[in-house]
Amino acid sequence: MSTRVGFVLRRVLLTIPVLFAMSIFVFLMIRLVPGDPVQTMLGIYATPDRVATIRSELGFDRPLTDQYLMWIGNALHGNLGQDFISHVPLTDLLAQRLPVTLELTALSMILALGLGIPLGVVGAVGPRWAVVFADLLVVGGVSIPSFWLGIMLVLLFAGVLHVLPPAGYVPITTDVLENLRYMILPVLALGAAQLVYILRTTKAAMLTVLGSPYVIFLRAKGISERRIVFVHALRNAAIPIVTVVGIQFGALLGGAIIIESLFAVPGVGQLVVNAIFQRNYPVVQGGVLVIAVIFILVNLTTDLIYGALDPRISGTS
Amino acid sequence: MASSVGTAHQRLGASHAPPLRRLFRQLREPGGVEIFIGGGILAVLVIATVLAPLLVSQDPNAIDALRVLGPPNHAHPFGSDAEGRDVLVRILYSYRVSLSVAVGSTLAAMALSVPLGLLAGYAGGWTDTLLMRPVDSLQAFPALLLAIALIAIIGPGSIVVLLSIAIVHSPILARVIRASVLITREQPYVISARARGRSALGIMFLHVLPNSLGPTLAQASILTAFAIQFQAALSFVGLGTQPPTPELGLMLYDGRDVFTIAPWVEIYPGLALAIAALGFILLGNGISRRLEAGRQR
């Protein structure tokens, strides 16, 4: 048991340098903008006085280490600065936007797992046509860019069939069903690519497990094939699937930036892209920071889950 | 002796076999069909985009007020866009940017990652930790987010996109090459080269690198497919290639407001993207299948 606690502790401690390195990059982001970032933000018509005011407001006139310590200290206290155009605190902006992005990514992952795992199992043990179908789905799904898939879905469901809205968003607190109706197309577009990865991983893991000696032993014991596949093999195939879920969550968060722009979903991704065009650097910085922190924490969680699933990893056996 | 003469003879015979039979033999090898189709797609695309000025007479940016959102017809098989520009012509020229940025980003990523992974894997120990830890921390960012962050700093454009994708893909390639170097460096021929007193640098570049490159090439091909999509996605939100350069993602961006009345402005550029990505994916899958078969032999 103590080795397991040790594993969890070690893994959590290893996250700290990663978070630190990430925070340095995000901190330097604004400062690395070529030329004078404050001047770039305010435009060429800004008076020198105004530039100086904003510069001291952002703390740019102090030494770099002081600036970092101030910034990270504030961030840890939940103060990420403010949108320099609307002067809304970033924490408020993100509190509005983040749940939307998380809903989009979570629903996409649920779709990917819900369809990807069964299709992967069928692709491994199903009839010949199902295996070929699964292989074609993988190659096709990886080749098709998700934002183009999104456009085609809009064309079909909104343009031709008129059954779903082409873009927009209704808060889940206003109307759950309407919220889901608006989410269907973005989730399909974002989830499809992930579905393909889950399918491929499940299929490969199932084939490896089903060829291993203990499955031959189970067969020799006369256990039904159905039980072997669904009880014994799938459980062992879960480890690589969990790993892929962790890695692909990053792809989902990244992909959400594009999909949110396409479907006018007011999430963090759309916030960041719009902020880039407005040269609203504090917002870009805050958005990037929050997404990166979530990604690191999701990776930590998946590592801990697969440590629990596979005792070999946490070194308990 | 006799057997070696025999194999040499057979090998000679093989090279003299009719080209078609040689092709069939290659196709029957593991991954052969994938390499053939993937490579074929890419060859056709490269030839088409290089010879674009000979294949079509129109300028990709030529505006035709009479053909605004014109549907596909005999003269314009893929129709025209909102400015009356021919979609097929623009796609042909778009591949120049799409393929060069994608392949360029992969070459740049390899230039960064191959020496790194080679040194980390071959030297091991502290060198390995020192080199790979910073590389790993790059992976703490979702790839697309990192690229967008870099673009936010430097500003949009094809070169920035190329470099961003290279930076995002380098850690992946560095991991792959390091993993195969770890296996290669324990091979008898490497150990014997070391015993013969060859310099570490000589061993790394003459023995370890050539024998570790296979999996990296397979991965590089797959990453090039992602680079194509990546670049198009960035252009699609306005952060990539800037107008009026013909580029597939930019074509999709231009068409996003009119595609319900003129679907061809979105359908064909998207298909063009998917086909290019498919070419690299098949090629990469084929290479790794062949390598795997080679290992099992």
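Here, each number is a calculation from the coordinates, and none is a lab measurement. The structure displayed is predicted, hence computed values, not measured ones. Ideal geometry is used to build each Cβ from the backbone, glycine not excepted, and the neighbour counts take in all protein chains shown.
Annotations for the structure displayed:
- Intensity falloff of the stretch A:90-314 expressed as log10 I(q)/I(0), Debye formula with alpha-carbon point scatterers, at q = 0.08 Å⁻¹: -0.36
- Per-residue packing, averaged as other Cβ atoms within 10 Å, sorts the ranges B:117-124, A:299-306 into the order B:117-124, A:299-306, beginning with the highest.
- Here the protein assembly as shown is assigned +1 on the Cβ of each Lys and Arg and -1 on the Cβ of each Asp and Glu. Its dipole about the Cα centre then comes out at about 2940 debye.
- Signed unit charges on C-beta, dipole axis of the protein assembly as shown, positive-most listed residue B:LEU206, B:PRO77, B:SER100: B:LEU206
- Rounded Å value of the spacing that divides the Cα centres of the stretch A:1-62 and the stretch B:129-180: 18 Å
- Considering only A:PRO118, A:PHE295, A:GLN96, the residue lying farthest towards the positive end of the dipole of the stretch A:90-314 is A:PRO118, judged by Cα position with unit charges set on Cβ.
- Per residue of peptide A:250-259, the mean number of Cβ atoms on other chains within 10 Å of the residue Cβ is 6.
- A DSSP coil position with no more than 14 other Cβ atoms inside 10 Å describes the following trypsin sites (Lys or Arg not before Pro) in the stretch B:173-265: B:ARG196.
- Acute angle (nearest 10 degrees) that the helix A:128-143 long axis makes with the longest principal axis of chain A, alpha-carbon atoms: 10 degrees
- Span-like helix check, chain B: qualifying full DSSP H segments, with Cα axial length of 15 Å or more and mean Kyte-Doolittle of -0.5 or more, are B:2-16, B:32-50, B:87-123, B:125-138, B:143-154, B:158-184, B:209-236, B:264-296.
- Rounded to the nearest 20, the size of the Cβ-charge dipole of the stretch A:90-314 about its Cα centre is 800 debye, with Lys and Arg at +1 and Asp and Glu at -1.
- Over all other residues within a Cβ to Cβ distance under 15 Å of A:PHE249, the charged ones net out to -2, with Lys and Arg as +1 and Asp and Glu as -1.
- Peptide A:150-159 has a mean shielding of 3, counted as Cβ atoms of other protein chains within 10 Å of each residue's Cβ.
- Average partner coverage of A:263-269, which counts Cβ from other chains inside 10 Å: 1
- Spacing of the modelled spin labels on B:ARG28 and B:ALA200, each 7 Å from Cα toward Cβ, amounts to 4.8 nm.
- Globularity ratio of the protein assembly as shown, using Cα Rg and 2.2 N^0.38 Å: 1.05
- Gain upon complete extension [A:LEU76, A:VAL131; 0.36 nm per residue less C-alpha separation]: 14.8 nm
- For chain B, built as a Gaussian network whose Cα springs stay under 10 Å, the top-fluctuating residue of B:ALA152, B:ALA75, B:ALA193: B:ALA75
- Gyration tensor analysis over the Cα atoms of the stretch A:3-76 returns equivalent ellipsoid semi-axes of 37, 12, 8 Å (largest first, whole Å).
- Exposed GluC sites (Glu not before Pro) absent - longest run of chain B, DSSP non-H/G/I/E/B, at most 15 other C-beta within 10 Å: B:187-297
- Charge dipole of the stretch A:90-314 about the Cα centre (unit charges at C-beta), most positive-ward option of A:LEU210, A:VAL142, A:GLY286: A:LEU210
- The dipole here belongs to the stretch A:3-76: it is taken about the Cα centre, uses +1 on the Cβ of Lys and Arg and -1 on the Cβ of Asp and Glu, and is about 540 debye.
- Of A:GLY35, A:GLY150, A:GLY123, the one that fluctuates the most in a GNM where chain A has Cα springs shorter than 10 Å: A:GLY35
- Once the Cα atoms are used to define both axes, helix A:2-31 deviates from the longest principal axis of chain A by about 40 degrees.
- What the Cβ-Cβ distance of B:ILE191 and A:ALA204 gives, at R0 = 35 Å and to the nearest 0.05, is a FRET efficiency of 0.60.
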